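Just below is one structure, and these are the notes that go with it.
Taken together, the values in this text are just the output of simple stated rules run on the coordinates, not laboratory data. As the structure is a prediction and not an experimental result, all values here were calculated from the model. Cβ sites come from the backbone with ideal geometry, for glycine too, and all protein chains shown count toward neighbours.
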Amino acid sequence: MLSIRRILWPTDFSTGAARAFPHAAALASWHGAELHVLNVKEDGASADEDRSFPIPHDTLQDLLAPEGDPPQHVDLGALTIAQEQREDESPPNAIVSYADNRDIDVIVAGTHGRRGLQRLLIGSVAEEVLRTASCPVLTVRGDEERAAGGSVRNILVPVDFSEASMEALRHAKELALTYGAQITLLHAVEEVVYPSAYGIEPTNMPGPQVIDRVEQNLAELARTELGYEHVVVEANVGYAPSTILDYANGHDIDLVVIATHGRTGLERMLLGSVAERVVRRSPAPVFVVKSFGKSLLPDNGGDDA
């Protein structure tokens with residue numbers, strides 16, 4: 001089981017935040033963790049933007065069963081819940097500062113809050129938190145059906161064989177044991193196409209032998225890293241973000257576990273192009289593991305990597 005002692009659920013009272021609450025509550029219940037509720041009011045916010053805070057128990061109870069979702073069997077009365085409201089000109093900075101100061105292990109954030117834009121953007125607050133938080137972040141879309149907090153049956157782990165993706169895989173193993181879920185390891189075999197100016201003939205599309213070899217490597221990875229019987233391995237040809245999203249859409253994936261800073265990762269302040277595109281468009285919640293930050297693996301005791 002992952003070493004999760006404190007979970008942060010930031011809320012702006014939006015639908016996106018509300019859809020994230022069942023995930024935060026379920027994780028807190030299963031891990032016996034403290035649940036921290038944080039509302040950040042931007043400096044100068046008008047009075048009519050204020051909502052009742054601390055959030056009443058009955059309201060939190062109602063959030064456990066968003067319209068259209070099955071109710072979550074979580075005893076809120078058994079949880080240690082800490083609520084705080086702050087005023088700050090930068091909500092993302094306030095959220096990350098709170099997480100750092102309180103040694104938060106996981107931030108569970110809804111996307112498409114008040115500052116969200118269009119469908120392909122997750123909202124500036126969530127995106128900035130993802131980029132700068134040192135702990136894993138679980139993002140939950142507010143406009144998708146696959147967001148039930150405790151009913152995760154299929155977990156998808158994109159693997160590029162980098163150390164960062166290995167870290168995500170190890171986190172996924174513990175999450176699968178918690179949820180009782182199946183894991184799918186997916187690798188995108190991308191075509192290599194050189195500009196004509198290079199004077200190199202176009203390469204052939206990767207054939208069955210390449211796919212078979214990659215899937216054998218994934219199977220060996222499943223055996224050595226997971227030792228877990230409910231594992232599916234698959235390699236598909238295509239651009240990595242599109243391959244991951246197509247698989248998630250076509251196979252009833254309930255949770256994607258992905259690492260930042262795989263082979264296309266850049267620096268600390270960037271998610272990496274693959275992770276960023278997946279978070280923005282995934283129909284399922286996404287658990288983002290930071291290669292530069294806190295590990296929740298039991299062997300590490302939750303200490304920074």
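Bridging of Lys173 to lysines at a Cα separation below 23 Å is possible for Lys290, Lys294, once same-chain residues fewer than 8 apart are set aside. If you plug the beta carbon distance of Glu84 and Glu220 into 1/(1 + (r/R0)^6) with R0 = 41 Å, you get a FRET efficiency near 0.30.
Report the extension gain between Arg102 and Ser242 in nm, rounded to one decimal, defined as 0.36 nm multiplied by the number of residues separating them, less their alpha carbon distance.
On the way: separation 140, 0.36 × 140 = 50.40 nm, distance 3.67 nm.
In short, 46.7 nm is gained.
Could you rank the peptides 52-60, 2-10 by their average count of other C-beta atoms within 10 Å per residue, with the highest value first?
Numbers: 52-60: 13.1, 2-10: 22.4.
In decreasing order of mean packing, 52-60, 2-10 become 2-10, 52-60.
On full extension, the segment bounded by His251 and Ser273 gains 5.6 nm, given 0.36 nm per residue less the C-alpha separation.
For Arg213 and Phe292, what is the calculated FRET efficiency with R₀ set at 22 Å and r taken between the beta-carbons, to the nearest 0.05? Display every interim value, and only then the final one.
Details: r = 31 Å, r/R0 = 1.41.
Efficiency, from the Cβ-Cβ distance: 0.10.
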